[in-house]
1. Please count how many residues of segment 74-123 are more than 20 Å from ASP208 (Cβ to Cβ) and part of a loop (DSSP other than H, G, I, E, B).
2. Being of a type outside the set (A, V, I, L, M, F, W, C), out of contact with any His (no Cβ under 8 Å at 6 or more places or on another chain) and assigned to a strand (DSSP E or B) is the filter here; which residues of segment 224-248 pass it?
3. Say whether the condition of being in contact with a helix residue (DSSP H, G or I) (Cβ under 9 Å, 6 or more places away or on another chain), aliphatic (A, V, I, L, M), over 26 Å from SER113 (Cα atoms) and without any contact (Cβ under 8 Å) to a residue 60 or more places away in the chain is met by at least one residue in segment 178-198.
4. So which of GLU41, GLU133, GLU46 ends up being within 20 Å of the chain's Cα centre (by Cα) and in contact (Cβ under 8 Å) with a residue 60 or more places away in the chain?
5. Scan segment 52-71 and report the pairs whose first residue is under 13 Å from ALA140 (Cβ atoms) and part of a loop (DSSP other than H, G, I, E, B) and whose second residue is at pLDDT 80 or above and charged (D, E, K, R), with Cβ atoms within less than 6 Å and a gap of 6+ or a chain change.
6. Mind listing just one residue for me: the one in segment 167-181 that is modelled with pLDDT of 95 or more and of a type outside the set (Val, Ile, Thr) and, of those, surrounded by the fewest Cβ atoms within 10 Å (Cβ to Cβ)?
7. Tell me whether segment 30-49 contains one or more residues that are among the β-branched types (Val, Ile, Thr), at pLDDT below 95 and assigned to a helix (DSSP H, G or I).
8. Which residue out of HIS10, HIS21 is out of contact with any His (no Cβ under 6 Å at 6 or more places or on another chain) and in a loop (DSSP other than H, G, I, E, B)?
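The values are calculated or read from the model by the stated rules, or taken from the named source; none is laboratory data. These numbers come from a predicted model, not from an experiment. Backbone-built Cβ (ideal geometry, glycine too); neighbour counts: all protein chains shown.
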Amino acid sequence: MYQIISYLKHYFRSIKLHGVHSPFVFDLVTKCFNDNHVYPEYKLLEKYNLNLKESAEILTVKEFGAGSKVFRSNERKVSAISKHAGISLKRQQLLWRLSKYLDFQNTIELGTSLGKATYAFALNKKNTVTSIEGCPATAAFAEKKLRETGCQNLKIINDPFDHFLNTPIGFSPDCVFIDGNHNKNDTLSYFEKLLPRVHNDTVLIFDDIYWSKDMTEAWKEISSHPGVTVSIDTFYWGLAFFRKEQEKESFTIRM
């Protein structure tokens, strides 16, 4: 019910394109978000998703954070995870477009799951993807499936998010996609630990910002942080930018 009410509020709060006065955000929406071109990479994403949908494998999943709203058992079919818990094809396509449009060279993903988002990022061959997954069985499965695609520009690390973020990584990421541990305290903790590692053009993408009231509160704190100059609420995602050349602005964009 919270998500339904939040979506209705978001729908009526969202602005039309002519209300976007930031040239950066206007171009991002028109040239990337609303890009209707059908790219060859979309077929590869569909093929990967179909492979997951048809998988008969069963994983013993180790839960972290808020847990699942769908599954009651830790024994889960890959096909069911793909259907109920995986990122949609539409949002996979958008991740790929973002990777190309913003010219990501290094991406960190917190929450590999079955590798759907990982693959979308990795289809940009200039982008090196480091994906972190806390569940050993899920990490092993995703790595196997992603290697089968032939992508060489990715690495899956089985590690709790906190441990990874407390370890030097040797580079400043262009993008961090945070999709895991859907609770306020953990999300804010990840944000604080990422802050020293971002550069002027880094974007942090927070998944499921309306998962719960706590997650929405976390997003509001993140978007109001003085270091975040541009924040975009698309309902499913919250995007935080650190572009020092821009005045601080927040946008609610209907996708």
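1. 6
2. Within segment 224-248, SER231, GLY238 qualify.
3. No, segment 178-198 has no match at all.
4. Every option except GLU41 fails the conditions.
5. Final answer for the pair search is VAL61/ARG76.
6. Our first condition is that a residue be modelled with pLDDT of 95 or more; within segment 167-181, this holds for 172-178.
Then keep just the ones that are of a type outside the set (Val, Ile, Thr); that gives 172-175, 177.
Values: SER172: 14, PRO173: 22, ASP174: 20, CYS175: 24, PHE177: 26.
Residue satisfying both the conditions and the ranking: SER172.
7. First, pick out the residues of segment 30-49 that are among the β-branched types (Val, Ile, Thr): 30, 38.
When the remaining residues are screened for being at pLDDT below 95, the result is 30.
Subset that is assigned to a helix (DSSP H, G or I): 30.
Checked segment 30-49: at least one residue is among the β-branched types (Val, Ile, Thr), at pLDDT below 95 and assigned to a helix (DSSP H, G or I).
8. On the way: HIS10 fails: in a loop (DSSP other than H, G, I, E, B).
Exactly one of HIS10, HIS21 is out of contact with any His (no Cβ under 6 Å at 6 or more places or on another chain) and in a loop (DSSP other than H, G, I, E, B), namely HIS21.
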